[in-house]
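We did not get these values from a lab; they are worked out from the coordinates using the rules stated. The structure presented is a predicted model; accordingly, all values stated were derived computationally and were not measured. Cβ: placed from backbone, ideal geometry, glycine included. Neighbour counts: every protein chain shown.
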C-alpha cells in the first residue's frame, strides 16, 4: 500500500495512527529498560525477596481489565448507534481509571505502612522499583484519562459516527496498552522478585 495515496484526511489518519504506534513502542522500550533493571538488580544482596506486592495492586489489575472491557463495549455501542449506552460506558471507563489511580496510591500507602520507602535507610531496591515503576505507570494512566476526557467531550459534541471514529480508536488503543502493561508489571514485580 502506498502511504502517499488517498485524501488528505486519510493521510492525516494514517499519520496519527503511526504517531500513536511510535509512542507505544517508545513507552514499551522505557518499561523494557525498567524490566531489565529489575531482573539484573534482583541478584543484589540487599534485594528484599520477602517483600510482597500489596494485595491492593492485584485489585487494580482487575480494575484495569474491567475498564478495558467497558471501553470495548463503548466502542461497540457507538458502532450500533447507541449513543446513551456509549456515554454511560465511557464515563464508567473514566471513573474506573480514577479508581485505578486511587488504588495505586493505596498500594504505595500499604508499602509505606509495611515499613518500605522509595529511598533512604529503610528502603531497598525492590521497594524502590515498585514505587518507581508503579508511579511511572500511573503517569501514563493519567495521560490515558485525559484522552478519555477528550473522547467523552467529542462524543457529547457528536463528533464520532461509523465513518469518523479515529480519535475514539486511538484513545482505546492507548488505554488497552496501558492496561496490558500494568498486568505485565504486576506479574513482573510479584513473581520475578
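Would you mind checking the tilt of helix 55-79 against the longest principal axis of the Cα atoms of the chain, expressed as 0 to 90 degrees and rounded to 10?
Result, in degrees: 10.
Which distance in Å, rounded to a whole number, links the C-alpha centroids of the stretch 138-193 and the stretch 22-84?
11
What are the extents of the Cα atoms of the chain along their three principal axes, listed from largest to smallest and rounded to whole Å?
Ordered largest first, the chain gives principal extents of 60, 38, 23 Å.
Looking only at 119, 86, 173, which one moves most when the chain is put into a Gaussian network model with springs between Cα atoms under 10 Å?
Greatest mean-square fluctuation among the candidates belongs to 119.
Return the FRET efficiency for the residue pair residue 102, residue 128: r is the Cβ-Cβ distance, R0 is 30 Å, and the value is rounded to the nearest 0.05.
FRET efficiency, residue 102 to residue 128: 0.85.
Measure nothing fancy, just the Cα-based angle from helix 83-113's long axis to the longest principal axis of the chain, in degrees from 0 to 90, nearest 10.
10
Relative to the longest principal axis of the chain, what angle (0 to 90°, nearest 10) does the C-alpha long axis of helix 8-41 take?
The angle comes out at about 10 degrees.
State the dimensionless ratio Rg/Rh of the stretch 49-121 (Rg: radius of gyration of Cα atoms; Rh: Kirkwood radius). Provide the component values of the computation, followed by the final result.
Working: Rg = 16.9 Å, Rh = 13.9 Å.
Checking Rg against Rh, the ratio lands at 1.21.
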